[in-house]
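Reading through the structure tokens given below for one structure.
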Amino acid sequence: MIRGLMMGVLSAAALALSAAAFAQQGHPTAQEARAMLDKVVAAVKADKTKALDMFNRGEGGFRERDLYPFCFNISDGKIVAMGNPNTKGLLGMDRETLKSGTKGLGLDVYAAAQKPEGEITEVSYLALKPGDDPKGWAPKVSFVTRVGDLGCGVGYYK
């Protein structure tokens, strides 16, 4: 009987640990996206050139699962950092050309970055989820803020 009880407790513990590990492997949360944006802002303020390089390389903790930063120039809207390794082709592109589903994502993100520095805006849109059916779009939210002469953001899937 004690052996059976021990096996039950061990099985429950293993199941709980597996669920926690799976949650960490899944899509990041809003809190994780916001925490990364705070880290992005601090890195840009400390050394903009180094920060943009780290964002583009996905180094320094700036790429976790499908969580990554993006930045663009406030002056001309050109994308200068894109942490997503699947969208490196967007570097140098004007934010006005970005689309999401049927919506002009770039315009919404650019407008969010026009607010006073330190103000964070949530921009909602549809995006393809990594590993999902390429015809399917999923709700996504990016936290966007102005950092000096850059607009930067980090998004998560809802």
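The values are calculated or read from the model by the stated rules, or taken from the named source; none is laboratory data. What you see is a predicted model; the values in this text were computed from it and never measured. Positions of Cβ are generated from backbone atoms using ideal geometry, with glycine treated the same way; all protein chains shown enter the neighbour counts.
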Out of (1) hydrophobic (A, V, I, L, M, F, W, C); (2) part of a helix (DSSP H, G or I); (3) closer than 21 Å to Pro116 by Cβ, the one Leu52 does not meet is (3)
Asn56 vs. criteria modelled with pLDDT under 90 and surrounded by 14 or more Cβ atoms within 10 Å (Cβ to Cβ) | no
Give the residues of the stretch 59-79 that are surrounded by 19 or more Cβ atoms within 10 Å (Cβ to Cβ) and among the aliphatic types (A, V, I, L, M), sorted by residue number.
-> Leu67, Ile79
Residues of the stretch 31-72 being among the hydroxyl-bearing types (Ser, Thr, Tyr) and in contact (Cβ under 8 Å) with a residue 24 or more places away in the chain, which ones?
-> Tyr68
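In the stretch 67-158, which strands (runs of 3 or more DSSP E) lie fully inside it and hold 1 or more residues that are under 16 Å from the mean Cα position of the chain (by Cα), among the aliphatic types (A, V, I, L, M) and at pLDDT below 85?
Numbers: elements: 69-73, 79-82, 121-127, 138-147, 150-157.
Passing ranges, in order: 121-127, 138-147.
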Candidate set: the stretch 85-98, residues that are under 16 Å from Val123 (Cβ atoms) and not aliphatic (A, V, I, L, M); chosen: the one surrounded by the most Cβ atoms within 10 Å (Cβ to Cβ) = Arg95
Among residues of the stretch 17-49 being in contact with a Phe, Trp or Tyr (Cβ under 6 Å, 6 or more places away or on another chain) and more than 23 Å from Pro116 (Cβ to Cβ), the residue modelled with the highest pLDDT is Pro28
